[in-house]
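First the structure, in the form of structure tokens, and then the observations on it.
The values are calculated or read from the model by the stated rules, or taken from the named source; none is laboratory data. These numbers come from a predicted model, not from an experiment. Every residue, glycine as well, gets a Cβ built from its backbone with ideal geometry; the counts of neighbours run over all protein chains shown.
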Amino acid sequence: MKINDKYEISPFGNPFDSLFSLLSRGETCVPFSQTSSHSFGCADQKVRYKDEGDQLRIEFLVPGWKKSDLSLAIEKGKIELKAEHGKEKPTGGLFQNKNLHIQVSLPENLETDKSKARLEEGILSVLIPANKESELFKLKIA
């Protein structure tokens, strides 16, 4: 395996060679395979998004977080989720106490001021309506 091939995993080689190659470059994110609804992020911060035509749905997987610990902000071109535990918990053990910070780029054709967010069963769902004025229209080619 070549060290320059970022995510190459040989079907006949040792899979640990590829893993150690990723770790030796100091990368923290491993690519996710894309499905009909797209997933991206790192191993401990998962985000799914789906274009539903008239709106964009973004789902942050935040199990164990309370609504009071989460902070969600939408700026021009990005949405940012921050989470901090209110009180210190002991470190180590099975469950780690980590603060959370996720940024996602947004397309330009969204009405971010009309966004809605809801936390239910460890999933923070954000719905952002699409801007009707910037819909796709067909041009006749002359």
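Key figures
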read-out	value
Odd one out for residue 94 among (1) surrounded by 10 or more Cβ atoms within 10 Å (Cβ to Cβ); (2) over 14 Å from residue 56 (Cβ atoms); (3) at pLDDT below 85	(1)
Region 72-83, subset surrounded by 14 or more Cβ atoms within 10 Å (Cβ to Cβ) and not basic (Lys, Arg), residue modelled with the lowest pLDDT	83
Hits in region 60-71 (condition: surrounded by 17 or more Cβ atoms within 10 Å (Cβ to Cβ) and not in a loop (DSSP other than H, G, I, E, B))	60, 70
Pair list, Cβ under 9 Å, 6 or more apart: region 54-83 residue within 15 Å of residue 121 (Cα to Cα), other residue of a type in the set (Phe, Trp, Tyr) and assigned to a loop (DSSP other than H, G, I, E, B)	64/95
